[in-house]
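Below is one structure, written out as structure tokens, with a few remarks after it.
Any read-out appearing in this document is the output of simple, stated calculations on the displayed coordinates, not a laboratory observation. All figures in this text were calculated on a predicted structure; none of them were measured in a lab. Quick reminder, even Gly has a Cβ in these numbers, built from the backbone with ideal geometry, and neighbours come from all protein chains shown.
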Amino acid sequence: MDSILVVNAGSSSVKFQVFGLDSEGRLSRQLKGQMDGIGSRPRLRASGASGDTLADRAYPIEAIPDVAVAMTVAGTWLREELRVTPLAVGHRVVHGGPNYDGPVLVDHGVVARLERLEPLAPLHQPHNLAPIKSILANFPALPQVACFDTAFHRGHDAVADHYALPYRLHEEGIRRYGFHGLSYEYIAKTLPKVAPEIADGRVIVAHLGSGASMCALHGGRSVESTLGFTALDGLPMGTRPGQLDPGVVLYLISAKGMTPDQLQDFLYRDCGLKGLSGVSNDMRELQASGDPRATFAIDYFVYRIGLYAGMLAAALQGLDAFVFTAGIGENSASTRGRVAEKLEWLGVALDPLENAKHALKISKPASRIPVYVVPTDEERMIAEHTLSLLWKMHPVGSTHARAS
Ligand code: ADP
């Protein structure tokens, strides 16, 4: 069966999924896996479509020194043991900069342009690019597609894209990019199928996972996001603080003597729910904990979601629906219930039974603003983008597209 390989590479793990392509051009997930523990305890794990274990192997630390080698080892396993020879590879790339407003077929020039964006996302971009470069070197004929977390937000009006900084800094790329775009794009694409009555309207989507943000959609287009120049802004996240007065950063430098590297580490790894609670970055652990600071961290998270709902409703000049997605949004009925209380003034009335069941529509029939739970699927979005660029390259038919 023809297939598309989807790769999401981070600093210590490479996650991958294989989507099969049937004769009608439909994609179905065949397997998902990851090589994690890179630099500590490398381990390859993968499971098939029905959850059956396909691999669970530990490697010595020196065998998998970095992300590129992890990709090579996982790719060799896929090719030699599972006989997976994908038509193309789609990659999640955090930053597309000011110019990419959609996915792009990768070549050496694209890689060079994406490398120039590394200072804008130093903790993600180099790792996202590592497997792209290694596949480009080893399989130059295999089409690769870069799909960006920023692209979906590139249509924002100038007032939503600027900071109030001298214009030259905007020209240099200091802009409110917004992230989680592949998730929001998937939701925008799914709404006409699962909730056609709201798909063209003014919708706030709350992507609540380890990383968290909210997006204002109007007619399926992003018009505003809680994230900006980096993935540090907006809502508090597992380990990131969310919106912070830049004066706090100045204080940490001048009064605490923190260096840029220390600050970066602190802001990306030690703040958010973890910093507030002192217990965990994980919502399940916070909910299970009896520690009052864990309770406070959840209260803070819910409060900020409520605040940003007000901001995004203002950006939309009204509201027609609210959608929850990602790990917390899809699975935590109690967080949804708490958030819904903060939205009552906007006209939200949750149905506790539907909410407890994680139903698609969790608001009461009489709720002025309907509320939905829509599971996101960024990997499928990447597979779809990859396939459509492949079809643009080879419009005659997918089998002609196979890289030799
Ligand atoms: P990532 O950004 O890593 O993809 P996810 O979207 O998987 O993150 O979300 C991870 C978060 O979802 C964690 O905080 C986790 O505790 C939370 N989560 C997952 N399932 C539940 C659940 N049943 N109840 C509460 N929180 C949950």
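Descriptive notes on the structure:
- log₁₀ of I(q)/I(0) at q = 0.27 Å⁻¹ - the range 162-206, Debye sum with one point per alpha carbon: -0.91
- Ellipsoid equivalent to the range 215-294 - semi-axes via the Cα gyration tensor, in Å: 24, 22, 9
- Protection proxy ranking, peptides 82-90, 291-299, average beta carbon neighbours within 10 Å, highest first: 82-90, 291-299
- The range 1-76: relative contact order as a whole-number percent, Cα under 8 Å and 6+ apart: 24
- Each peptide among 196-204, 209-217 gets the average number of other Cβ atoms lying within 10 Å of its residues, and from highest to lowest they stand as 209-217, 196-204.
- Taking the DSSP bridge list for the chain and keeping only pairs wholly inside it, about 70 percent are antiparallel.
- Residue among VAL104, VAL373, VAL279 with the largest mean-square fluctuation in a Gaussian network model of the chain, springs linking Cα atoms under 10 Å: VAL279
- Ignoring lysines fewer than eight residues from LYS193 along the same chain, the ones with Cα atoms less than 24 angstrom from its Cα are LYS357, LYS361, LYS364.
- Cα gyration tensor shape for the range 194-328, rounded if a/c is under 1.5, else prolate or oblate: oblate
- Ranked from largest, the principal axis spans of the Cα set of the range 240-389 equal 55, 48, 34 Å.
- Three semi-axes of the equivalent ellipsoid, the range 287-364, Cα gyration tensor, whole Å, largest first: 21, 17, 10
- Hydrodynamic radius by Kirkwood, which averages 1/r over all alpha carbon pairs of the range 170-262, in angstrom: 14.9
- Pairs of C-alpha atoms in the range 80-184 farther apart than 24 Å represent 29 percent of all such pairs.
- Label point of SER289 set 7 angstrom out along Cα-Cβ; within the range 216-244, amide nitrogens under 19 Å from it belong to 236-242.
- Residue-averaged [θ]222 nm for the chain, counting only DSSP H segments that reach four residues, each worth -39500 (n - 2.57): -11000 deg cm²/dmol
- Hydrodynamic radius of the chain per Kirkwood, over alpha carbon pairs, in Å: 22.3
- Derived scalar couplings between HN and Hα for the range 109-115 equal x, 5, 4, 4, 5, 6, 5 Hz in order, rounded to whole Hz, by the Karplus curve 6.51 cos²θ - 1.76 cosθ + 1.60 (θ = phi - 60°), x for Gly and Pro.
- Compared with the alpha-carbon gap, the fully stretched path from ASP261 to ASN99 is longer by 55.5 nm at 0.36 nm per residue.
- Cα centroid separation - the range 115-177 against the range 236-311, whole Å: 25
- Over the range 129-227: Rg over Rh, Cα atoms, Kirkwood Rh: 1.07
- Taking all Cα pairs closer than 8 Å and separated by 6 or more residues, the relative contact order of the range 1-157 comes to 23 percent.
- Convex hull per residue volume in Å³, alpha carbons only, for the range 1-128: 119
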